[in-house]
Amino acid sequence: MAQLDKQKSIFERYPHLVTLRGLAPDDIIEQEIGSRADEFEKDIERARKTIPSGNLNKIFPPELELQSIKMENFLGHWGNVSIEELCKICLIVKFIQPKKILEIGTYNGMTTLQMALNAPSDCITYTLDLPEEISASLQLSQLDTYVSKHFKDKFGTSTGSYFKNRNDLKIIQKLGDSATFDYSEIGNDLIDIIFIDAAHDYKNKEIDSEQAFKLLSKKGVILWHNYNDVTCPDVTKYLADISEKRKLFHLRNTMLAIYYNG
Ligand SMILES: C[S@@+](CC[C@H](N)C(=O)[O-])C[C@H]1O[C@@H](n2cnc3c(N)ncnc32)[C@H](O)[C@@H]1O
């Protein structure tokens, strides 16, 4: 069976990847995803042993799932989180009642907007993405480069465009490379919710995550997108690697992994 799988193209093996066709060249998709699919399958098998999957009520009190949330302009496009992921992120924001949120990887700002809509009125939502001119020293995977440089244009959005002119919300947009960004720029108070969704290679995921563990408040939550996602195999590999030391969960029916200090 595994042998047969190896003979298939990445699109036959993972049919949902056809949605990427036309957004990035097929040969890059084969190179970055196809060539690593077997390694990904091993990593996800390993991760399942230490990262339990469950509903939100496995991690938080059951009342969390009974809350109502607010969403506006939430359909998004390729590169955004799914609707179910978004609902779960908003429910977590509602439950935690954060004073400070940080999203690493703004993209079009769709998730930023929903988090800010569900946060208390005194909460500040910071969101960080790369500036237009990316420094030559920044090393992104080819797919991350496509997402960062071309996807928003293809969908007619721009960095943070979903929350542009939302002066009713306390969203502060920052531009910089998350690996070298000086986080004291967003104040020294610890952060209650950190959403890690920038570069998806191992090294950057490790840098962003270690930074997040340092910045997290006592009852804080870290969320990672693209766990259990063949498109970004290093996210699963990294989370599997840290899951023996850090208690992580996978939110069922999503590609979200979570660490909760509560
Ligand atoms: C998948 S998108 C984020 C999606 C967004 N969080 C959402 O839920 O709608 C990844 C974003 O991370 C940004 N990014 C990639 N590498 C980065 C880095 N080193 N520092 C800051 N942002 C980065 C990209 O420019 C891109 O906009």
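What is the angle, in °, between the Cα long axis of helix 202-215 and the longest principal axis of the Cα atoms in the chain? Nearest 10 is fine, range 0 to 90. Its long axis makes an angle of about 20 degrees. Within the listed set 156, 176, 105, the residue fluctuating most in the Gaussian network model of the chain (springs between alpha-carbon atoms under 10 angstrom) is 156. Across all directions, the average flat footprint of the convex hull enclosing the Cα atoms of the chain is 13.8 nm². Overall, the anisotropy analysis places the stretch 190-250 in the prolate class: the square-rooted eigenvalues a ≥ b ≥ c of its C-alpha gyration tensor yield a/c not less than 1.5, with a/b exceeding b/c. Of all aspartates and glutamates in the structure, those lying under 20 Å Cα to Cα from residue 49, and not within fewer than 8 positions of it along the same chain, are 38, 39, 41, 229, 234, 241, 244. Around the amide H of residue 195, modelled in the peptide plane, lie the amide H atoms of 102, 103, 104, 223, all under 5 Å away and 5 or more residues distant in sequence or on another chain.
Over the chain, dividing the summed -39,500 (n - 2.57) contributions of all DSSP H runs of at least 4 residues by the number of residues returns a 222 nm mean residue ellipticity of -9000 deg cm²/dmol.
The HN-Hα couplings worked out from phi for the stretch 81-92 by the Karplus form 6.51 cos²θ - 1.76 cosθ + 1.60 (θ = phi - 60°) are 6, 6, 4, 5, 4, 4, 4, 5, 4, 5, 4, 5 Hz, whole numbers, x standing for Gly and Pro. Here the simple spin-label model places points 7 Å from the Cα toward Cβ, and for residue 58 and residue 165 these points are separated by 4.3 nm. Tell me whether the stretch 38-115 comes out rounded, prolate or oblate; compute the Cα gyration tensor, take square roots of the eigenvalues as a ≥ b ≥ c, and use a/c under 1.5 as the rounded threshold. It is oblate, given that a/c is not under 1.5 and a/b is not larger than b/c.
Each residue of the stretch 118-135 was assigned a 3J(HN,Hα) from its phi angle through the Karplus expression (A = 6.51, B = -1.76, C = 1.60, θ = phi - 60°), giving 9, 8, x, 5, 8, 7, 9, 9, 9, 9, 10, 8, 6, x, 3, 8, 7, 5 Hz with x at Gly and Pro.
Shape of the stretch 136-232 from its Cα gyration tensor (a ≥ b ≥ c, root eigenvalues): rounded if a/c is under 1.5, otherwise prolate when a/b > b/c, or oblate?
Oblate, because a/c is 1.5 or more while a/b does not exceed b/c.
One chain, two ends: residue 252 and residue 190. Fully extended at 0.36 nm per residue, the span grows by 19.5 nm beyond their Cα-Cα distance. For residue 172 and residue 9, the FRET efficiency from 1/(1 + (r/R0)^6), where r spans their Cβ atoms and R0 equals 41 Å, is about 0.40.
Here is the list for the stretch 111-186: trypsin sites (Lys or Arg not before Pro) lying in DSSP coil, each with at most 15 other C-beta atoms within 10 angstrom of its C-beta, are 164.
Axis of helix 233-242 versus longest Cα principal axis of the chain: the two differ by about 60°, to the nearest ten degrees. The phi-based Karplus calculation (6.51 cos²θ - 1.76 cosθ + 1.60; θ = phi - 60°) puts the 3J(HN,Hα) values of the stretch 216-228 at 6, 6, 4, 9, x, 10, 10, 10, 10, 9, 6, 6, 6 Hz, whole numbers, x for Gly and Pro. Between residue 133 and residue 99, the distance separating the two model label sites (each 7 Å from Cα on the Cα→Cβ line) works out to 3.8 nm.
Of the listed pairs 164/218; 42/219; 94/247; 100/205, which have alpha-carbon separations greater than 25 Å here? Checking Cα-Cα distances, 164/218; 42/219 exceed 25 Å.
Among the GluC sites (Glu not before Pro) in the stretch 32-109, which ones are in a DSSP loop with at most 14 other Cβ atoms within 10 Å of the Cβ? Mind listing them? Answer in residue order: 72.
We did not get these values from a lab; they are worked out from the coordinates using the rules stated. On a predicted model such as this, the values are computed, not experimentally measured, just so you know. Note: ideal-geometry Cβ built from the backbone for every residue, glycine included; neighbour counts use all protein chains shown.
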